[in-house]
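Trainee: The following block contains the structure, expressed as structure tokens.
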Amino acid sequence: MDAREVGLGLDFCLRVGEVLLASGAGAADVTATMQTLARHVGLRGAEVDVTFTSLSMSYQRTPEEVPLMSTRMVRQRAIDYEHLTRVDHLVRAVLRDEVTLKEARASLARVVSSGHDRPRWAITLGWGVMCAGVALQLGGGPVVVLIALVAAISIDRLQMWISRRRIPTFYQQVAGGGLASLIALGASATPLDVDVSQVVTANIVMLLAGIGFMGALQDALSGFYITATARGTEAILATAGIIAGVSGGLSLAYALGAGISEIDPGRTDLQSLGMLAVGSALCAGAFAYASHAPRRILVPIALVAAVATVISRSVELPGIGRTWSVALAALFVGLVSYTVAGRMRVPPLVVVVSAVVPMLPGLSIYRGLTLLAEGGTSTSAGLLAMVTAASVAIALSSGVILGEYVAQPLQREARRLESRLAGPRLVGPLRSPARRSRGKRRPEEVSSR
């Protein structure tokens, strides 16, 4: 390969890594994908370095030659599961030699530059339906669900207006949290019988949906500590923005004499458990839709989220703590998402993130903020609620990642067992192509030589 071909190969690998990293993929997954592509296009031994804001790749054919190095910056981050899925399919096509490098570069350029088939107003409506599902989870009535939907639509439009002016994400979170509190204050001033705390909690979950706790923990477990620290810092700043906005609204409410009550889910029975499952399914499916996930995966995501929520609350009933019940539910999500994603032809990240959104600790954050806003003896209880929220987030991340680690070897062993137990096949290939060892050759190859 000459220098031009090497440069084209490096550029293609970097562009693929940029899309994956910007969409929330872990640094280990991005590195493995780029190295696999590099080996396939002929760049054996290429070195890849991935950080939170940049990707670099170098290749040196022999020690006597000058190494070639290329770098690409990750300037924008947005949850875009359509681009993530299309790039994942493109990578698989390249590895199966279905497209050449030139065709792959052209396809990647079309994926990145093309828009989406869903209008922006439909995405905003998706965020509204998501928060309506969270309000349904919390036991809200039709009025609460409607107010939560309207509040989410208003927050999304406000954040979109701020984002177009290139204002940092922290201030977008502050504005979103403040607007949620103001809408709750406005609802409390009306004669409607509305539990405004449910409205605030539903919108907190909307703001938490984009936080990359799972990506940070995955990078830390896989040894990418710099990227993990950067992701964690981003998540902490985003959460701090929510806290600042919501606590400012709550403080204003107390200063004006408007009381916003704490929320208590109460005891869970079979009827409320069913509503929890319906609300979780609606929330997860709407989040996936708003994140441009393919339509074929929306129903499976909703079913996985509903079952995970039932597992979480059922385990929590006998007296097990909230953290462990959420961890077990997240473990279930990690176990099934690998199989579901494979059958639906989407990356497992699409299923995992969407399915755990209904279990995000919005309720604990709201309780902590209300107690901190009251001050006095309630401060310690508020800090305890915030620590609980952090532990729930860590439980979600670690449970999902552990499930992924367990699911992949189990699926490989299940395929091997199926191939051993299968009898004469009446449909499909009679025999899979056998892999030859590196040191052995077929007799005809030896004779021909």
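Trainee: Determine if the range 11-24 includes at least one residue that is outside any helix (DSSP H, G or I) and not aromatic (F, W, Y).
Mentor: Yes - at least one qualifying residue is present in the range 11-24.
Trainee: Find the residue count for the range 105-158, including only residues that are of a type in the set (S, T, N, Q) and within 18 Å of A184 (Cβ to Cβ).
Mentor: So the first thing to find is which residues in the range 105-158 are of a type in the set (S, T, N, Q), and the list is 107, 113-114, 124, 137, 154.
With within 18 Å of A184 (Cβ to Cβ) added as a condition, the list becomes 137, 154.
Residues that pass the stated criteria total 2.
Trainee: So, of the residues in the range 117-159 that are outside any helix (DSSP H, G or I) and in contact with a helix residue (DSSP H, G or I) (Cβ under 6 Å, 6 or more places away or on another chain), which turns out to be farthest from D80 (Cα to Cα)? Explain how you work it out, then say what you get.
Mentor: Step one: list which residues in the range 117-159 are outside any helix (DSSP H, G or I), which gives 117-119, 138-141.
From the residues that got through so far, the ones that are in contact with a helix residue (DSSP H, G or I) (Cβ under 6 Å, 6 or more places away or on another chain) too are 138, 140.
Details: L138: 28, G140: 30 Å.
Filtering the range 117-159 for residues that are outside any helix (DSSP H, G or I) and in contact with a helix residue (DSSP H, G or I) (Cβ under 6 Å, 6 or more places away or on another chain), the one farthest from D80 (Cα to Cα) comes out as G140.
Trainee: Would you point out which residue out of T323, T339, T370 is of a type in the set (S, T, Y), at pLDDT below 90 and buried (at least 24 other Cβ atoms within 10 Å of the Cβ)?
Mentor: On the way: T323 fails: buried (at least 24 other Cβ atoms within 10 Å of the Cβ); T339 fails: buried (at least 24 other Cβ atoms within 10 Å of the Cβ).
Residue meeting the stated conditions: T370.
Trainee: How many residues are crowded, with 17+ Cβ neighbours inside 10 Å, touching a Ser or Thr at 6+ places or on another chain (Cβ under 7 Å) and not in a loop (DSSP other than H, G, I, E, B) when one looks only at the range 37-54?
Mentor: 2
Trainee: Still on this structure, please answer the following. Identify the single condition in (1) open to solvent by 10 Å² or more (accessible area, probe 1.4 Å); (2) on the phi < 0 side of the Ramachandran plot that G139 does not satisfy, given that it satisfies every other one.
Mentor: (2)
Trainee: Just one of L158, L95 is within 24 Å of A288 (Cα to Cα) and in contact (Cβ under 8 Å) with a residue 12 or more places away in the chain; which is it? Don't jump to the end; show me each part of the working.
Mentor: Working: L95 fails: within 24 Å of A288 (Cα to Cα).
Going through L158, L95 in turn, just one is within 24 Å of A288 (Cα to Cα) and in contact (Cβ under 8 Å) with a residue 12 or more places away in the chain: L158.
Trainee: Which residues, counting only those in the range 154-177, are open to solvent by 50 Å² or more (accessible area, probe 1.4 Å) and under 21 Å from the mean Cα position of the chain (by Cα)?
Mentor: Passing the criteria: S163, P168, T169, F170.
The values are calculated or read from the model by the stated rules, or taken from the named source; none is laboratory data. Just so it is clear, the structure is predicted and the values come from calculations on it, not from any experiment. Neighbour counts run over all protein chains shown; Cβ positions are idealised from the backbone, glycine included. Each accessible area value is taken on the protein alone, full model and side chains, heavy atoms only, with ligands, DNA and RNA left out. Shrake-Rupley method; radii C 1.70, N 1.55, O 1.52, S 1.80 Å.
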